[in-house]
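Accompanying notes for the structure given below.
Throughout, read-outs are computed from the coordinates displayed, never taken from laboratory work. Being a predicted model, the structure only gives us computed values, none of them experimental. So basically every Cβ, Gly included, is an ideal-geometry build from the backbone, and we count neighbours across all protein chains shown.
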Amino acid sequence: MPEGDTIRRLADKVARRFAGERCQRSVTRDPRLVGVDLAGATLLGADAVGKHLLVRFDDGRTLHAHLLMTGSFRVGPAATEPAWRRRIELWMETGRLTGLDVPILEVIRTADEEAVVGHLGPDLCAPEPPDLGEVASRLLREPARPVAGALLDQRNVAGFGNLYAVELMFVVGVSPNQPVGTIDGLDELLGVGTALIRTNAARGPQNTTGRRLATDDHFVYGRRHRPCPVCATTLDGWSERDSPWQRVSVWCPSCQRSTPSRTVDLARARRLLALHPARRDAAFPVA
Ligand SMILES: [Zn+2]
């Protein structure tokens, strides 16, 4: 699922592969891009802001994309998907950049990028680490809001998707339903989350446990009704329809109890992430 770390890695890959190359031909099969032709423009670079991808060209234009749940980009080889799939294909000098079924896809003036990303909170995967004090104060503007919903609101902080909203809360032993204003240790929670997503953005693939096996790369995400990996209590959760923040959620009713005020369990986070390289990230809270 594309979260901030995935988009950051995609932007870096596009820039590494195609920066300085001229677009030879652009093919669009997408009613939203009728009349758009990027042929002749040189790709300057690519950037990610939160979950938005910005690919910039030397003629003052930017290809802006947001993958939501369904979109994908292919960097290098020609896509093999059927021709009727909604797409944009840029034939670069040494390969192709293909966007498939991208829900938000448009070409804008580079000077107007602010209009599509200006509303976002601090970007977790920006080259410079975000100001976590600023993130905390944005989260606390609505103190009664469940913490998972507040973390997913990109106006508060840009980059976390549902996977992090679930996994991070498990790691620090706080319920995703906990009102954000009642959490003791919000700064530490943000430090752990930032260290996790920045480490995954820099190293990939997306992994919240630090274990190598692909089947073991998350603690509880997608495991509702199965035993908690720490205490074996059956995991509880929301379906997308029932969830107050409209996303599936999972938590352990024993490890992540909701109480009037809940303290972030940093010892637990250190233990669970003992193998994860995020422990060495500058944002990870020190003892
Ligand atoms: Zn548990």
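What does the charge add up to near ALA115, with Lys and Arg as +1, Asp and Glu as -1, over the other residues with Cβ less than 13 Å from its Cβ? Don't jump to the answer; show the numbers that get you there.
On the way: positive: ARG109; negative: GLU106, ASP112, GLU113, GLU114.
Result for the local shell: -3.
What base-10 log of the normalised intensity I(q)/I(0) is obtained for the stretch 129-176 from the Debye formula, alpha carbons as equal point scatterers, at q = 0.18, 0.25 Å⁻¹?
Here log10 of I(q) over I(0) equals -0.52, -0.99.
May I ask which residue of ASN177, THR263, GLY210 lies farthest towards the positive end of the charge dipole of the chain, with charges of +1 (Lys, Arg) and -1 (Asp, Glu) on Cβ and the Cα centre as origin?
Among ASN177, THR263, GLY210, the one farthest towards the positive end of the dipole of the chain is GLY210.
Could you calculate, for the stretch 91-194, the ratio of the Cα radius of gyration to the Kirkwood radius, expressed as Rg to Rh?
Numbers: Rg = 16.7 Å, Rh = 15.5 Å.
My calculation puts Rg/Rh at 1.08.
With a ≥ b ≥ c the root eigenvalues of the C-alpha gyration tensor of the stretch 54-113, is it rounded (a/c under 1.5), prolate (a/b larger than b/c) or oblate? The partial results should precede the final answer.
On the way: a/c = 2.48, a/b = 1.32, b/c = 1.88.
It is oblate, given that a/c is not under 1.5 and a/b is not larger than b/c.
Report, by chain and number, residues whose modeled amide H sits under 5 Å from the one on CYS23, excluding near sequence neighbours (fewer than 5 apart, same chain).
GLY40, ALA41, THR42, LEU43
If you average the alpha carbon positions of the stretch 23-85 and of the stretch 147-214, how far apart do those two centres end up, in angstrom?
Their Cα centres are 29 Å away from one another.
Just from its helices, what would the mean residue ellipticity at 222 nm be for the chain, if runs of 4 or more DSSP H residues each count -39500 (n - 2.57) and the sum is divided by every residue, rounded to the nearest 500 deg cm²/dmol?
-7000 deg cm²/dmol
So what are the ³J(HN,Hα) numbers for the stretch 188-201, from phi and the Karplus equation (6.51, -1.76, 1.60; θ = phi - 60°), rounded to whole Hz, Gly and Pro as x?
For the stretch 188-201, the Karplus-derived couplings read 5, 4, 5, x, 5, x, 5, 4, 5, 6, 5, 5, 5, 5 Hz, x marking Gly and Pro.
Over the Cα atoms of the chain, how large are the radius of gyration and the largest Cα-Cα distance (Dmax), in Å?
Computed over the Cα atoms of the chain, radius of gyration and Dmax are 20.1, 60 Å.
Rg (Å, one decimal) plus Dmax (Å, integer) for the alpha carbons of the stretch 231-273?
Every Cα atom of the stretch 231-273 included, Rg and Dmax give 12.4, 34 Å.
How big, in percent, is the set of alpha carbon pairs in the stretch 1-123 lying more than 24 Å apart? Can you show the working numbers first?
Working: 1313 of 7503 pairs.
Value for the stretch 1-123 (Cα pairs over 24 Å): 17 percent.
Taking θ = phi - 60°, what integer Hz values does the Karplus form 6.51 cos²θ - 1.76 cosθ + 1.60 yield along the stretch 245-262, in sequence order, with x for Gly and Pro?
Each residue of the stretch 245-262 in turn: 10, 6, 9, 4, 9, 9, 7, 9, x, 9, 6, 10, 5, 8, 10, x, 9, 10 Hz.
Run the numbers on the chain and let me know its relative contact order in percent, using alpha-carbon pairs under 8 Å that are six or more apart.
Once normalised by length, the contact order is 16 percent.
7 Å from Cα along Cα→Cβ at both ALA274 and SER254: what's the point-to-point distance in nm?
Taking the two extended label points, one gets 1.9 nm.
With unit charges on the beta carbon (Lys/Arg positive, Asp/Glu negative), name the residue among PRO82, GLY99, THR110 whose Cα is farthest towards the positive pole of the charge dipole of the chain.
Of the listed residues, the answer is PRO82.
Please give the contour-minus-distance gain from ARG241 to THR182: 0.36 nm per residue of separation, less the Cα-Cα distance, rounded to one decimal in nm.
Length difference between fully extended and current span is 18.7 nm.
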